[in-house]
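This report refers to the structure that appears directly beneath it.
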Amino acid sequence: MIQSIDIRFDEIKREKEESPKEIEKLKEDLDLLKNAMEQDLSTLEEQKKRRRTVERELEEIELKFQKSKARLNDVKSNKEYQAVLKEIEELKELTFQKEEVVIKCMEDIEIQEKECADNNVNRKESEKEYKSKKEEFSKKMRDLDKEVKFLNEKRIHLCQDVDKDFFERYGRLKKHLKGRVVAQVIDTICQGCNLGIPPQQYNELIRGGSIISCPNCSRIIYWVDDKEI
Ligand SMILES: [Zn+2]
């Protein structure tokens, strides 16, 4: 019984060490998503800024265009007339080019806005998962602490009942042996080391009444028909 409590203590210790790693991984993923979102938003801002800049340029070109058209009425010579016409043509071409840029910007912005929205959904889901796992983790830790407290009390209680000599031997063995300190003997074989117990000690063991150690591995041995100690 004390042995199974000690084994459970080791298990709890491992569980307590493993769980935070999973939470940390989720937190890392969430941080990555948040960074990606910030990046996306700043890209979107850049695209919108570029669009506004090009639209302002278009307004300036339009002003020049109107001025040039007005000048057509005032020109004195054919040469000058041709020059203004050329200027108007160039401004028309420039307007066309800038309008293309604005259309491209609008398309980019639309794509980027969709990506931001998608990432936002992903982020919210990840955040939800992280929070629920974190709560689950806290609850698990509380449960494990409760179990440790309960087992400790049980262990103290058991130790009071157990023979002092047996208990001292158990404590010494626990320091030296890995895993189980108490081993069952089945058909003369010690289950701790899988070696046979000499007949005399085996008979003594079956008779009961004293604490017997395996002569091979020093584990405390016990023998039962079908019952656990
Ligand atoms: Zn043994």
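The values are calculated or read from the model by the stated rules, or taken from the named source; none is laboratory data. These numbers were taken from a predicted model, which means no experiment stands behind them. When we count neighbours, we look across all protein chains shown, and the Cβ atoms used for this are built from the backbone with ideal geometry, even at glycine.
Scanning segment 93-110 for residues that are charged (D, E, K, R) and surrounded by 13 or more Cβ atoms within 10 Å (Cβ to Cβ) returns K98, E99, K104, D108. Residue-level analysis places V148 outside the set of residues that are surrounded by fewer than 13 Cβ atoms within 10 Å (Cβ to Cβ), assigned to a helix (DSSP H, G or I) and under 33 Å from the mean Cα position of the chain (by Cα). Annotation note: Cβ proximity below 8 Å between a residue of segment 177-190 that is in the same structural domain as S213 (by TED's automatic domain parsing) and a residue that is more than 11 Å from the ligand (Cβ to nearest atom) and basic (K, R) (sequence gap 6+ or interchain) occurs for V181/K174.
For segment 58-91, filtered to residues that are under 30 Å from Q112 (Cβ atoms) and surrounded by 15 or more Cβ atoms within 10 Å (Cβ to Cβ), the residue that is nearest to the chain's Cα centre (by Cα) is L58. In segment 11-28, is there at least one residue being over 30 Å from V148 (Cα atoms) and not hydroxyl-bearing (S, T, Y)? Looking for residues that are over 30 Å from V148 (Cα atoms) and not hydroxyl-bearing (S, T, Y), one finds at least one in segment 11-28, hence yes. The set of residues from segment 182-225 being under 21 Å from D10 (Cα atoms) and at pLDDT below 85 is empty.
Restricting attention to segment 168-226, the residues that are of a type in the set (D, E) and within 14 Å of the ligand (Cβ to nearest atom) total 1.
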